[in-house]
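The values are calculated or read from the model by the stated rules, or taken from the named source; none is laboratory data. Please read these numbers as outputs of a predicted model, since none were measured by experiment. Here the Cβ is made from the backbone with ideal geometry for all residues, glycine too, and neighbour counts use every protein chain on show.
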């Protein structure tokens, strides 16, 4: 295929993991289209989420802290497309921006740092996390645990562990693997801790009006990943879930549909409601989401705005 008339600008956060994922996207595009390296230029953009590390996302603007600067750069044509860890992308996105492609999904599990298993954590263990889902799941499994706010990139969290600020923390296996940190942590089974919606998926967004860029990106879209992630994010839309909503969900292709399992939690993990269903249509998703909320107690429903 013909090279772009100028280098395409790929916007990304500047963390080591984000830059690695941007490199994966650039490599996939070059391979798919036979482009030379100069066809794509990676443009790091510092986000509010990278700057603000001492407060939970819900207190300072939610998941938009990871996307708003990239969205602005995209809409002001400073970049041509952007790359995101899909679990960090807010549920509702601007109409002017479309999710144009996803790379093949990686390991969806969490990895526990500090012990070989959740059961092996010491009594009263401090667990470093900023995730409402992980907090609720840990407290459900280990009511004696104490949650300590941990934000920052992988190395920042590992340093805080090394400094003795917690006895354990949880990181996404996909991110650790992409950084070559295969030997860090113990994988937690999805039966014990169902992952966050879209965990392990890398998505690429573009301007809705930019048909040429969208066509280029379509060549690297991994359809099975897209189908599963859109199902999981579709559930979040039905629930009106946001960064303060402790929700776990995983969709896997089954026949002509998606086998979706989901669990909603109260913040302290003492209450939960779960379900599993085969999703074939958007109506199936709406019915499933409403059923979860109808069966949930007030402490859970208060964390969802549906």
> Looking only at region 79-94, which residues are more than 13 Å from the chain's Cα centre (by Cα) and at pLDDT 95 or above?
Replying inline: 79, 80, 81, 82
> residue 183: outside any helix (DSSP H, G or I), at pLDDT below 95 and not assigned by TED's automatic domain parsing to the domain that holds residue 73, yes or no?
Replying inline: yes
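A quick yes/no check of all residues on (1) more than 28 Å from residue 67 (Cα to Cα); (2) over 18 Å from the mean Cα position of the chain (by Cα):
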{"residue": "207", "(1), (2)": "no, yes"}
{"residue": "212", "(1), (2)": "no, yes"}
{"residue": "238", "(1), (2)": "no, no"}
{"residue": "252", "(1), (2)": "no, no"}
{"residue": "264", "(1), (2)": "no, no"}
{"residue": "277", "(1), (2)": "yes, yes"}
{"residue": "302", "(1), (2)": "no, yes"}
> Exactly one of (1) modelled with pLDDT of 95 or more; (2) surrounded by 19 or more Cβ atoms within 10 Å (Cβ to Cβ); (3) touching a helix residue (DSSP H, G or I) at 6+ places or on another chain (Cβ under 6 Å) is unmet by residue 104. Its number?
Replying inline: (2)
> Which of the residues that make up region 150-167 are in contact with a helix residue (DSSP H, G or I) (Cβ under 8 Å, 6 or more places away or on another chain) and at pLDDT 95 or above?
Replying inline: 166
>> Among the residues of region 227-239, are any touching a residue at least 12 places away in the same chain (Cβ under 8 Å), in a loop (DSSP other than H, G, I, E, B) and in contact with a strand residue (DSSP E or B) (Cβ under 7 Å, 6 or more places away or on another chain)?
In response: no
>> Kindly evaluate residue 196 against the criterion of being assigned to a strand (DSSP E or B) and under 21 Å from the mean Cα position of the chain (by Cα).
In response: no
> What pairs come up if the first residue lies in region 266-277 and is outside any loop (DSSP other than H, G, I, E, B), the second is loosely packed, with under 14 Cβ neighbours inside 10 Å, and their beta carbons are under 8 Å apart, counting only those six or more places apart or on different chains?
Replying inline: 273/295; 273/297; 275/291; 275/295
>> Looking at 249, 253, 283, can you tell me which residue is free of Cβ contacts under 8 Å to residues at least 40 places away in the same chain, assigned to a strand (DSSP E or B) and more than 30 Å from residue 75 (Cα to Cα)?
In response: 253
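Let's see how each residue does on (1) at pLDDT below 95; (2) buried (at least 18 other Cβ atoms within 10 Å of the Cβ):
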{"position": "140", "(1), (2)": "no, yes"}
{"position": "147", "(1), (2)": "no, yes"}
{"position": "191", "(1), (2)": "no, no"}
{"position": "204", "(1), (2)": "no, yes"}
{"position": "209", "(1), (2)": "no, no"}
{"position": "242", "(1), (2)": "yes, yes"}
